[in-house]
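Student: Structure below; questions to follow.
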Amino acid sequence: MNNLQQTARVGLFFLLGLALTWVTFETLSGGKLFKNKGYTLIAGFESLKELKDGDEVRMAGVKIGVVEKTRLAGRRAEAVLRIDPGTKIANDATASIVMAGLIGTNYIGIDLGSEGSPPLADGAEIKTKVTPDINTIMTEIGNLGQKLEGALSSFGTTINGDGKGGGLFQKLDKLVTENSEKVGATMTNLQEITTKLNKGEGTIGRLINDPTLHDQLVAAVSEIQATAAQAKTFVADAQGIIAQVKSGKGALGTLVYDETAADNLRSTVANLRSVSDKLAKGEGTLGKLINDDTLYISAQSTIKKADRALDGLGDSGPITAVGIVANSLF
Amino acid sequence: MKQITIILEGFGSTLLLLVRSLSYLPSLPRQRARFIEQCYMIGYTTLPIVAILSFFIGSVLALQAGYAMQNFGAKQFIGSLVGLSMARELGPVMVAILLAGRVGSAITAELASMKVYQEIDALVTMNIPPARMLVMPRLAAVLVMVPVLAIIADLVGWFGGAIVAKYVSFISIEPEGYFSVLRRYMKFGEDVAGGLIKAEIFGFGVVLVCCNIGLNTRGGPREIGAAVTRAVVVSLILILVLDYFVTKALM
Amino acid sequence: MASSTGHTRNPFTEVETPAVGVKLEGLTKSFGDHVVLDNITLSVEPGEIFVLMGPSGSGKSVLLKHIVGLEAPTSGRVLVDGHDATSGETREKVRMAMVFQAGALFNSLTVYDNLALYPREHRVADEAGIKDKVMRALQILSLEDAAKKFPSELSGGMKKRVAIARALVMEPQLMMYDEPTSELDPVMSATISEIIASLKDEYHVTTLVVSHDRELALNIAERVGILMDGKLIFLGKPDELRQPKDEQVAAFLYPKIDLKHPRYKKLET
């Protein structure tokens, strides 16, 4: 091989190396070679969180620049943003640090601002707002968890008893064992009733087997779900209620902690049996309701009305309580 | 005791050779032809093996990382893992090791045989210092060529990783995602340039040590082979020891 | 044989430069416990042809290396034209050329480039001038055809001649030959001896030959030294060696091949 060819190859090889180095440099440092292109804005934050040099600046999701530098300035952190030339940012636009992924991938998001307001000049400061990041969200969830734990533990003592007189379940168990015969008969009757319901007989049967009605129910339920956002306040309420139940106040409290109330319950169950007997035979109003479908049409319109009523109710108290129950069921 | 003396002697003679060679640096323009020839040897002819090796190292990195990371859902970070490992560590070390095996051994063999067959002595009597004619052009060539080899190793390794990330079924990461993560977590100054500096230091050290061992060969033709073995072993040790200290210094 | 004029005539430019002398003053060299050269005092006059003889391993080559500066003496001094040989500056001031035993040609270069290396490195002329010099040197030694060959393609005798030509190109003030006739057939040995002598005659360069070739020493030397076990045991005119008085010298120069009492058997005891 002659010398000229060798020299040419070495030269070419070296140029290739230079080119590759330059390309790598350009790609990794986001075109820092053109330092003077575009203009800078300063965005001050309480904390820059995971933001670092070279992260993107996006306006409405479109990349319009990069974070050129991050620095501490007095009592705040500043990000110097290098905005592409030709991109105008309204002076009332707000910048915020946006999370693109769970682990440390952030960018600066700038909103469009209002139309017609003058653009920001080079070196100007842009308004900023704080957005919750993953850490604050985690902290909130942590607090909520603690509250729930408190509520559940007092609920637990109510159910399992606090060592004297037995808990709710023990009492219920006793109640059921004592009345097992009556309950058995009631169950048989209920079975008959459900069979009828299943066949579409009677108003409730129609109610269950009619799809249009079902849709309306679903709509109603979704409204209920929407109110579930009030769960937190309910948890607090629930804690209070449980406290009352424990001290024997209120209907449920009496039921659980009072012996005479238990006797009443026993006679109620006896009554319930006779009622269900009658129901099975088609006696009485409810019996008719089950065995006769004349009431179906009017029931349908009633549910429609209930639906509208739910619309109006919004987030008033009782519905909130129902909402949390419904939410836990669906 | 004797071993320690030998090691210290090696250090001393290497440093001496370095100082002598550097003092001849002004004669480089006159030795252009030799410089180009060494550039060709060190850079151009080493390129294919560097490319092949770095491609597969990048691929294996991506494969192993993908296998390990799929369990905890971090496999989208393969790009940065391959990128950083290639640029910061594997690229420079691999280039240096290839240089030791391919170029360093050839240099030692050539200089050792010149020494054994008295060609070095002839140069000295002709008042042509071997450091000027045989060592300096090589050192200059390695300084110019190693960064080129290292950047090629980095890039080829990244692409190897990208291909594996795309086509291996349990990884399946598109090149766009791979490179965007790679770009996001890498800086040119710290990672790529730092790696090039490392490669530069390793390559320079390898060539210097191989030259020194070659020039200090004593005895008959049998010693040539022994010198080559010694040069490669010393180079490999040097690379890994330097690696630790240079990496620490660059942090 | 022409006597020395005290000046070296340049084979190329006809410029005369003073010939140089070499002085060894109590030169002693030992490698570890092994004494190779033992207190040698010797001087080679400017423009003279001096042959140093001795059996293999007597330290002849080591002595030469001291003069070129490849080895430093353990004690004593080596002076080349009054300058200490160990100093690198001596090689700048005095042009010394050495013809190595095996030639020591650069195997990676052609014969032409081997010869051109010195003038190129020292920038003594432009490329045309260098070519002129090299071709002249090749011509003197009848090597014009070998210019483009590589050393590995040459025979032993040609290698020696190329090595001599390479030394000649340096326009030396002091020429040293290390075993110039070893490994050559008798005719080739005679040829090389003739070359050495005629180069000296022509250019009056101080010549120092290390050899154990008796014919060479007797025919071309002006003075002869014999080195044995690191000691100089003879120093004088070659004629004195034709009937040596010293037993040791005689045994070295005119060994008897006695098959009944072989020497190697004596060495064993």
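Quick note: the coordinates plus some simple rules give every number you see, no bench work behind them. Note that the structure is a prediction, hence the values are computed from the model and not measured. Neighbour counts run over all protein chains shown; Cβ positions are idealised from the backbone, glycine included.
Student: Using only the Cα atoms of region B:1-125, build the gyration tensor, take square roots of its eigenvalues as a ≥ b ≥ c, and label the shape rounded, prolate or oblate: rounded if a/c is under 1.5, else prolate if a/b is larger than b/c, else oblate.
Tutor: On the way: a/c = 2.94, a/b = 2.09, b/c = 1.41.
It is prolate, given that a/c is not under 1.5 and a/b is the larger ratio.
Student: Taking every residue in C:115-128, how many Cβ atoms of other protein chains lie within 10 Å of its Cβ, on average? Before the final figure, lay out the partial values.
Tutor: Details: counts 0, 0, 5, 6, 0, 2, 10, 3, 1, 0, 0, 0, 0, 0.
Mean number of neighbouring Cβ atoms from other chains: 2.
Student: What is the packing order of peptides B:106-118, B:204-216, C:45-57, C:232-244, taking the mean over residues of other C-beta atoms within 10 Å and listing the highest first?
Tutor: B:204-216, B:106-118, C:45-57, C:232-244
Student: Could I ask something else about it? Considering just Cα atoms, how many Å³ per residue does the convex hull of region B:33-250 enclose?
Tutor: On the way: hull volume 26.4 nm³, N = 218.
About 121 Å³ per residue, rounded to a whole number.
Student: Follow-up question, since we're still on this one. Return the percentage of antiparallel bridges among DSSP beta bridges fully within region A:32-131, rounded to the nearest 5 %. Can you show the working numbers first?
Tutor: Values: 25 of 32 bridges.
Bridges in region A:32-131 that DSSP calls antiparallel: roughly 80 percent.
Student: Out of all DSSP beta bridges in chain C, what portion is antiparallel? Express it as a percent rounded to 5.
Tutor: Within chain C, antiparallel bridges account for around 55 percent of the total.
Student: If amide hydrogens are placed 1.01 Å from N in the peptide plane, which non-local residues have theirs closer than 5 Å to the one on A:Ile64?
Tutor: Distant-sequence amide H within range of A:Ile64: A:Val57, A:Arg58, A:Met59.
Student: Treat the count of other C-beta atoms within 10 Å as a stand-in for reagent exposure and order B:Trp158, A:Trp22 from fewest to most.
Tutor: Values: B:Trp158 26, A:Trp22 12.
Going from sparsest to densest Cβ surroundings: A:Trp22, B:Trp158.
Student: Work out the FRET efficiency for B:Thr247 and A:Asn3 from their Cβ-Cβ distance, taking R0 = 41 Å, and round it to the nearest 0.05. If you can, show how the numbers build up before the last one.
Tutor: Working: r = 39 Å, r/R0 = 0.96.
The formula returns an efficiency of 0.55 here.
Student: For chain C, take the longest principal axis of its alpha carbons; what is the angle in degrees between that and the long axis of helix C:156-169, to the nearest 10 within 0 to 90?
Tutor: 60 degrees
Student: Still on this structure: At a 10 Å Cβ-Cβ cut-off, how would you order B:Leu99, B:Leu47, A:Leu172, fewest neighbours first?
Tutor: A:Leu172, B:Leu47, B:Leu99
Student: Shape of region C:86-144 from its Cα gyration tensor (a ≥ b ≥ c, root eigenvalues): rounded if a/c is under 1.5, otherwise prolate when a/b > b/c, or oblate?
Tutor: Judged from the Cα gyration tensor, region C:86-144 comes out oblate (a/c at least 1.5, b/c at or above a/b).
Student: Averaged across C:93-103, how many Cβ atoms of other chains sit within 10 Å of each residue's Cβ atom? Each step should come with its number before you reach the end.
Tutor: Numbers: counts 0, 1, 3, 3, 3, 6, 2, 6, 1, 4, 4.
Partner-chain Cβ atoms within 10 Å, mean over residues of C:93-103: 3.
Student: When only Cα pairs under 8 Å and 6 or more residues apart are kept, what is the percent relative contact order across region C:121-269?
Tutor: 14 percent
Student: So, in nm, how far is label C:Arg120 from label A:Lys127 when the simple model puts each one 7 Å beyond its Cα toward the Cβ?
Tutor: Simple spin-label model gives 7.7 nm for this pair.
Student: Per residue of chain B, what 222 nm ellipticity follows from adding -39500 (n - 2.57) for every DSSP H run with n ≥ 4, rounded to the nearest 500? Mind showing how you got there, number by number?
Tutor: Numbers: 11 runs with 184 residues, N = 251.
When only DSSP H runs of four or more count, the value is -24500 deg cm²/dmol.
Student: Given an 8 Å cut-off on Cα distances and at least 6 residues of separation, report the relative contact order of region A:32-131 as a percent.
Tutor: Here the relative contact order equals 34 percent.
Student: Evaluate peptide B:34-40: per residue, the Cβ atoms of other protein chains within 10 Å of its Cβ; return the mean as an integer.
Tutor: 4
Student: Let me ask you something else. Going by alpha carbons, how many degrees (0 to 90, nearest 10) lie between the helix axis of C:186-203 and the longest principal axis of chain C?
Tutor: For C:186-203 against chain C, the angle is about 60 degrees.
Student: Do you know the relative contact order of chain C, to the nearest whole percent, from alpha carbon pairs under 8 angstrom that are 6+ apart? Walk me through the numbers on the way to the answer.
Tutor: Working: 500 pairs, mean separation 69.0, N = 269.
For chain C, the relative contact order is 26 percent.
Student: A follow-up question, please. By counting other Cβ atoms within 10 Å of each Cβ, how are C:His122, C:His212, C:His261 ranked from fewest to most?
Tutor: C:His261, C:His122, C:His212
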